[in-house]
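Take a look at the structure below.
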Amino acid sequence: MELITLKVFNTAIEAYILKNKLEGEGIVCYILDENIVTLNPLLNFAVGGVRLQINKVDLDKAKDIIAEIDDQPYTNDEDAIIECPKCSSHSLYSDFKSIKDPKGFLAMVLAFLTTTFPIYSKSVYKCKDCNTEFSLAKLDL
């Protein structure tokens with residue numbers, strides 16, 4: 001039984017969500033380094049994140065499941081499909097951390113100078129096709 005890393009996450013919560021989906025489909029999963037990253041998020045870069053590992057024989061099935069999850073469009077509270085305001089694409093990144101505004105840039109500079117975790121970042125959607133960043137609060141849905 002050879003284990004391989006299927007995906008790496010920033011938090012254990014994200015890893016457990018995918019783990020539960022894969023185990024529901026019959027794939028045995030293991031999560032590594034969740035404790036060290038949960039105790040000190042700054043060590044995430046040192047240990048390489050929270051790793052989700054599976055048996056090598058289950059790789060193709062797991063990739064198919066992940067592709068199926070990634071192909072589903074995001075929806076808002078009214079179950080309307082969220083699309084890019086610029087190109088109308090449904091292919092989006094969710095919870096993308098943006099630093100394009102002055103507060104985000106200042107937070108990144110301060111975090112770099114003090115070697116701490118950034119205290120401010122704005123979560124937005126980002127289009128995979130045209131790289132447009134947008135939030136639902138600014139859209140008239």
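The values are calculated or read from the model by the stated rules, or taken from the named source; none is laboratory data. Keep in mind it's a predicted model, so treat the numbers as computed, not measured. Reconstructed Cβ throughout: ideal geometry from the backbone, glycine too, with neighbour counts over all protein chains shown.
A few comments on the model shown:
- Single residue of segment 67-122 satisfying the filter (modelled with pLDDT of 85 or more, surrounded by 11 or more Cβ atoms within 10 Å (Cβ to Cβ) and over 30 Å from Glu25 (Cα atoms)) that is nearest to the chain's Cα centre (by Cα): Cys84
- Test: residue in segment 30-47 that is modelled with pLDDT of 95 or more and in contact with a helix residue (DSSP H, G or I) (Cβ under 7 Å, 6 or more places away or on another chain): yes
- For Glu133, the requirement of being at pLDDT 75 or above, of a type in the set (Asp, Glu), touching a strand residue (DSSP E or B) at 6+ places or on another chain (Cβ under 6 Å) and not assigned by TED's automatic domain parsing to the domain that holds Leu43 is met.
- Residue count for segment 31-46, restricted to those that are surrounded by 15 or more Cβ atoms within 10 Å (Cβ to Cβ) and among the hydrophobic types (A, V, I, L, M, F, W, C): 3
- Summed over segment 66-115, residues that are part of a helix (DSSP H, G or I) and among the charged types (D, E, K, R) total 4.
- When restricted to residues that are of a type in the set (S, T, N, Q), under 30 Å from Thr116 (Cα atoms) and out of contact with any strand residue (DSSP E or B) (no Cβ under 7 Å at 6 or more places or on another chain), segment 41-81 contains 1.
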